[in-house]
1. Considering only residues that are within 31 Å of the chain's Cα centre (by Cα) and either open to solvent by less than 20 Å² (accessible area, probe 1.4 Å) or over 15 Å from V166 (Cα atoms) (or both), which ones fall in the range 128-137?
2. Could you tell me how many of the residues in the range 196-219 are touching a residue at least 60 places away in the same chain (Cβ under 8 Å) and open to solvent by 20 Å² or more (accessible area, probe 1.4 Å)?
3. Within the range 286-297, identify whether any single residue is part of a loop (DSSP other than H, G, I, E, B) and in contact with a His (Cβ under 9 Å, 6 or more places away or on another chain), and answer yes or no.
4. Could you identify the single residue in Q425, Q393, Q371 that is over 30 Å from N293 (Cβ atoms) and in a helix (DSSP H, G or I)?
5. Pick from the range 164-187 the residues that are touching a helix residue (DSSP H, G or I) at 6+ places or on another chain (Cβ under 7 Å) and open to solvent by 80 Å² or more (accessible area, probe 1.4 Å): which of them is farthest from Q247 (Cα to Cα)?
6. Test each condition in (1) under 19 Å from D127 (Cβ atoms); (2) open to solvent by 10 Å² or more (accessible area, probe 1.4 Å); (3) not polar (S, T, N, Q) for G261 and report the one that comes out false.
7. Look through the range 284-296, keep the residues that are modelled with pLDDT of 95 or more and out of contact with any Leu (no Cβ under 8 Å at 6 or more places or on another chain), and return whichever of them is nearest to S192 (Cα to Cα).
8. Working carefully through the options Y356, Y315, Y384, find the one that is more than 30 Å from A456 (Cβ to Cβ), outside any loop (DSSP other than H, G, I, E, B) and either modelled with pLDDT under 95 or within 27 Å of the chain's Cα centre (by Cα) (or both).
Amino acid sequence: QFRMLNRSKGPAMWSPRSQSDRARFIEQWRSIIENTDNLDIWQDFVKQLVIEDGEVRGVITGMDVTFKARSVVLTNGTFLNGLLHIGRTQLPGGRVSEPASYGLSEQLAQMGFTVGRMKTGTPVRIDGRSVKWELTTPQEGEDDFHSFSYLPDVKRELKQRSCYTVFTNPTTHEILRNGLPDSPLYNGQIQSIGPRYCPSIETKIVTFADKQEHQLFLEPEGEDTQEFYLNGFSSSLPLNIQVEALQSVPALKDVQIYRPGYAIEYDFFDPTQLHHTLETKMIKGLFFAGQVNGTTGYEEAAGQGLIAGINAHNYVESKPAFVLGRDEAYIGVLIDDLVTKGVDEPYRMFTSRAEYRILLRQDDADMRLTQRGYEIGLASEERYQLMLSKRQQRDMLIEFAKDFSIKAALINPALEQLGTTPLKQGVKLYDLILRPQLSINMLAPHIKALQEKLDAIEPERRDEIVEAAEILIKYQGYIDREQMIADKIRRLEDVKLAGKINYAEVKSLSTEARQKLERINPETVAQASRIPGISPSDINILLLLLGR
C-alpha cells in the first residue's frame, strides 16, 4: 500500500515540498516500481481513444503514440477542458501550472455520451513563517490505538503535526463582500455547478449573511514543510482581495502566501451511463473513475479507482464483475447512487446517504471486506489470516461474556465505585457490559477471569479486538434488525431486470417510470426501486412481468 505523505485537498494534488518528504516519496515509489515486473511508465497525455466495434482498443497520445489495450480506465480528475479562475483572470489548466486535457470530451460527446460541466475550488496556501501562531488555537490530532491499517506491524512513520484554528470577522466579510463584483461565482463568469458541501468563502458570506465569523483551519502540507493549507477559505476572488481579507484576521496580519485559492471548471460524464462495475454502457472495456463521474473529493475518487481497476482487470481476464453492495461498503453506496440517480451537483459520500450505517461501521471494515479482497487476490494470505484470528478472538471474548456468571456480592463494591447501580442478584458478564456506564476495560481489573482473557490477546491488537467485541455486545439488537432489512432488499438484488422488459410498451407504468427505466436501464429490481420517481406500484408491476 502506498500512502500519501500529507493531507492536501482539492484540485491541488500533493507534491513533496521538503527534502526529507521528497526523498521518502522517491524511495517509496522506487520500491513499488522495482517490485512490479509488469509495470511500464510513459509520460504523455491521451488525446483520443481507439474504439472498434463498440469496444475500446487503446489510446492515442499527444505525441501520436498508440497504446493498444483491451481495457482503459479514464481518471481525468479536473483536467478535461479544465479552466482556472482567479478573479477575472482565466487560465487553461487542470491545476495551477499543469495543462488541461483536450480531445476526449469532444470524442465521447460525438459518440453519444452526455457531457456536463462542474466546478470545484481550492484554498490559498500559506507560508507558516508569516503566521502569528500565538494568536491561533492548536487542534491536536488523535493519538490512540485507532489506525488506517489493520495490520499490527504497520506503524505511523511520520511525526504527527497539529492543525490550528483561526476565525474570520466582520471586517473580513466586508472585504470579501466588496470583492464580489469580481468573483467568477457571482459575475456570471462561472456557469457550472459547484459543490454544495464545500462552499467557497464568498458563498459562505452570501448564504450565511448573519454569521459574524467562520472557522478556518491551518493544516500542514507535510512533515517538515512550512506550507499550510487554509481549510475553509476556498476562493476564486482576485488575488488582492484574498490577501487583504486574510490580513484582517489577527493571526494572519503579516501573512505571505505561496499561491492564491482558485476555482476550476471541468467536464464530467453523466454517471447513469455506467454499470456498477464503472464500465460504460456504450463502450465495452472503457471504465470511468473519479471526478469524471461527477464526484468531488480524493476519497471518493480513490474508491472508484479501486473498483474500476479491479473490473478492468477482470474484464481482460474474462472474470466475473466485482461489485460491492450498499450493505457491504460505503463504496457500494457511492457507486450505486451515481449509476442509479446520477448527479446534479458534485457528489460527496456522507454517512447519511447510507441506509445501513450500523452495518458499515469502521470497527469491522476488515471483517466485511478482507474476505472479498482475498477472493480476488488483493488481500494477502497474511492479512486474511490476521482477520480470521481477530474474528476468532473477538467471538471468544463474546462467548466468554455470555457464559461467565457474576455474583452480586463480589462485584457490587466495584459497581458502586464505577458509579452504576449495584446488582440484586447474580447475572452474566454479558449483561453488565450492556450497561452504557460500563465497558470491558473498566470491568477487567475487578474480574480476574476477564483480565486473564484480555491478557491472552496479543498486546498490539488488544484494544482493537476488545472494541470490536464490545460494539457487538452493546448493539447486537440494532445490528440484527438492520441486517434483516438488508437481507430482504438483497433478495431483490438477485432479481435481474436489464434487457428483460421493453419499458416503452408497458402502459401500466407511469410515464416518468418508463422514461427513467429506459434511460438508466437498471440491472436489478432493487436498483430500479432506488431510482427517484419510481413508485412501489411500479416495482410491483415489474415483479409481475418477471413472474415474481
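1. Our first condition is that a residue be within 31 Å of the chain's Cα centre (by Cα); within the range 128-137, this holds for 128, 136-137.
The answer is G128, T136.
2. Summing the residues that are touching a residue at least 60 places away in the same chain (Cβ under 8 Å) and open to solvent by 20 Å² or more (accessible area, probe 1.4 Å) in the range 196-219 gives 4.
3. Step one: list which residues in the range 286-297 are part of a loop (DSSP other than H, G, I, E, B), which gives 289-290, 294, 296-297.
From the residues that got through so far, the ones that are in contact with a His (Cβ under 9 Å, 6 or more places away or on another chain) too are none.
No: the range 286-297 contains no residue that is part of a loop (DSSP other than H, G, I, E, B) and in contact with a His (Cβ under 9 Å, 6 or more places away or on another chain).
4. Working: Q425 fails: in a helix (DSSP H, G or I); Q371 fails: over 30 Å from N293 (Cβ atoms).
One residue alone meets the criteria, Q393.
5. Y186
6. Here G261 clears every test but (2).
7. That would be Q291.
8. Values: Y356 fails: outside any loop (DSSP other than H, G, I, E, B); Y384 fails: more than 30 Å from A456 (Cβ to Cβ).
That would be Y315, the only listed residue that is more than 30 Å from A456 (Cβ to Cβ), outside any loop (DSSP other than H, G, I, E, B) and either modelled with pLDDT under 95 or within 27 Å of the chain's Cα centre (by Cα) (or both).
The values are calculated or read from the model by the stated rules, or taken from the named source; none is laboratory data. Quick caveat, the model's predicted, so the values are computed rather than measured. Please note: Cβ atoms are built from the backbone with ideal geometry, for glycine as well, and neighbour counts cover all protein chains shown. To get the accessible areas, we keep the full protein, side chains included, count just its heavy atoms, and leave off ligands, DNA and RNA. Shrake-Rupley method; radii C 1.70, N 1.55, O 1.52, S 1.80 Å.
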